[in-house]
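Have a look at the structure that comes next, please.
The values are calculated or read from the model by the stated rules, or taken from the named source; none is laboratory data. The shown structure was predicted, so the numbers you read here are calculated from the model rather than taken from an experiment. Don't worry about glycine lacking a Cβ; one is built from the backbone with ideal geometry, like all the others, and counts go over all protein chains shown.
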Amino acid sequence: MTRREALSHPLAIVGVLITTVSAVLFIALVIAALIGLLTNPYAGLVVFVVLPAFFLMGLILIPVGVRLRRREALRHPEAVVDWPVVDFRQIGVRRTALLITALTAANIIIVLLAGYGSLHWMESPTFCGQVCHTAMHPQFAAWRNGAHARVACATCHIAEGAGGFVHAKLSGVRRLAEVSTGSYARPTPPGADMPPGTQAETCVGCHKPGRLVDDRLRIFREYADDEANTETVTVMRMHTGGSSTAPFIHWHVDPSIRIEYIATDAERQKIPYVKVTEANGQVREYVAPDTTAPTIRDGSRRTMDCIDCHNTVGHPIAATPEQAVDRAIASHPLSRKLPFARREGIRLVKASYRSQDAANRAIAEGLRAFYQSRGADSAALAEAVAAVQDAYGRNVFPDMKVTFGTYPDNRGHITSDGCFRCHDESHATKDGKTISADCELCHKQLEDVS
């Protein structure tokens, strides 16, 4: 049987067509992506996942078709299939061998490019936040509006080494299956699928917890619900860093000190046990009242790192509607010149809506109806509508059951227990020493201006 006869099976022909077409499309679309012609978030899914899958499927179909054709030939007595004679003295054989070698090399290059491109693209924020848009929409929207908007998802969510890579990809396969079947959790659990130690490894790549730094000033702006949207400014001196002998906030992650704790809930908001190992080896164990040995034994043990306080730094969502509207006023999208701007903004943002589109319509209608009789400037009103819609859209996602306070912010103790999970004066050692709740361990209020 000649090579042409072996390749005449319909399955082999289909395989050749699929492989050829997908290869040509892959090369063309890669070039288009490199020169910036493809901007849709689903383009990467087609280029680096779908087309390579078709390409490999075609490669598999070709030998299957050849084998089936040979089996058919063997059923007939007159069809004797013998090993082909390869005689490189014949120019046709040399051309065929050269063609097969060239095509094999091209196929290997295409598969390598596709594999690299698919892995690289599936680690991108575009894939994480827009392809799986419903499940990860809250995290993607918060990430774009946060301080780490220029840091790719994989930088923080994949641990170093082969183990971290494999863990991330296996978790991604499960997530993809959940998205495909609609069985993903609503809301997405905080820190889902993050391997132990990832935060400590990635944070210190940019931030140095052991570095000596000066105290820092934080300015908090809040507004009243009166007509003038009266502003209150609180200035806090934060004891961020300093010498290891003085109390300061980043002492908790000082490389010479090890803090371990037991959490009894998935969100790590209930901490009945804390163990501190000093640089000199001295160990202190603090236990909350009424904590039993089984509670400590069955709880989740963890070594404290950056993310235990900065747990929402990558995906900040406002803890309260008041906080979201106050931030909009402080950054000026929502003008204080509009009477009762804060009160009306909070009223509309706090309301329950079926979707973000419904919220946008209701917010626009509500503000226009309120200010119509007050002769508000149309430009200022349009800006206020956009600002309040943005305050809602950044923080509330009805499809994922995410709203204000869904993810507690542990940097502080105003909207959640935060610091007071441990610093409550009730966690005590056997000799009666407690974890202090003294405010000035971490900060000092310098000014409160109304």
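I'm checking my understanding of the structure. Among residues of segment 320-339 that are assigned to a helix (DSSP H, G or I) and not small (Gly, Ala, Ser), which one is farthest from the chain's Cα centre (by Cα)?
Restricting to residues being assigned to a helix (DSSP H, G or I) and not small (Gly, Ala, Ser), the top hit is Ile329.
Can you name every one of the helices (runs of 4 or more DSSP H) wholly within segment 68-161 that holds 1 or more residues which are of a type in the set (Phe, Trp, Tyr), at pLDDT below 75 and surrounded by fewer than 12 Cβ atoms within 10 Å (Cβ to Cβ)? Working first, answer last.
Numbers: elements: 91-122, 133-144, 153-157.
Helices (runs of 4 or more DSSP H) meeting the threshold: 91-122.
State whether the residues of segment 356-370 include one that is in contact (Cβ under 8 Å) with a residue 60 or more places away in the chain, of a type in the set (Val, Ile, Thr) and buried (at least 16 other Cβ atoms within 10 Å of the Cβ). Can you show your working first?
Step one: of segment 356-370, the residues in contact (Cβ under 8 Å) with a residue 60 or more places away in the chain are none.
No; the residues of segment 356-370 include none that is in contact (Cβ under 8 Å) with a residue 60 or more places away in the chain, of a type in the set (Val, Ile, Thr) and buried (at least 16 other Cβ atoms within 10 Å of the Cβ).
Report, by residue number, each residue of segment 356-401 that is in a loop (DSSP other than H, G, I, E, B) and not charged (D, E, K, R). Give the derivation first.
Going residue by residue through segment 356-401, those that are in a loop (DSSP other than H, G, I, E, B) are 373-377, 394-396, 401.
Once the filter is applied, which keeps residues that are in a loop (DSSP other than H, G, I, E, B) and not charged (D, E, K, R), segment 356-401 yields Ser373, Gly375, Ala376, Asn395, Val396.
Just wondering, is there one or more residues in segment 411-432 that are of a type in the set (A, V, I, L, M), within 33 Å of the chain's Cα centre (by Cα) and closer than 30 Å to Pro190 by Cβ? Walk me through how you get there before you give the answer.
Of segment 411-432, the ones of a type in the set (A, V, I, L, M) are 414, 428.
Among the residues that remain, those that are also within 33 Å of the chain's Cα centre (by Cα) are: 414.
Right, trim to closer than 30 Å to Pro190 by Cβ and you get 414.
Yes, there is a match, as at least one residue in segment 411-432 is of a type in the set (A, V, I, L, M), within 33 Å of the chain's Cα centre (by Cα) and closer than 30 Å to Pro190 by Cβ.
Consider Arg342 carefully, then state whether it is outside any loop (DSSP other than H, G, I, E, B), farther than 30 Å from Lys275 by Cβ and without any contact (Cβ under 8 Å) to a residue 24 or more places away in the chain. Can you show your working first?
Details: outside any loop (DSSP other than H, G, I, E, B): yes; farther than 30 Å from Lys275 by Cβ: yes; without any contact (Cβ under 8 Å) to a residue 24 or more places away in the chain: no.
Considered against the rule, which asks whether it is outside any loop (DSSP other than H, G, I, E, B), farther than 30 Å from Lys275 by Cβ and without any contact (Cβ under 8 Å) to a residue 24 or more places away in the chain, Arg342 comes out as no.
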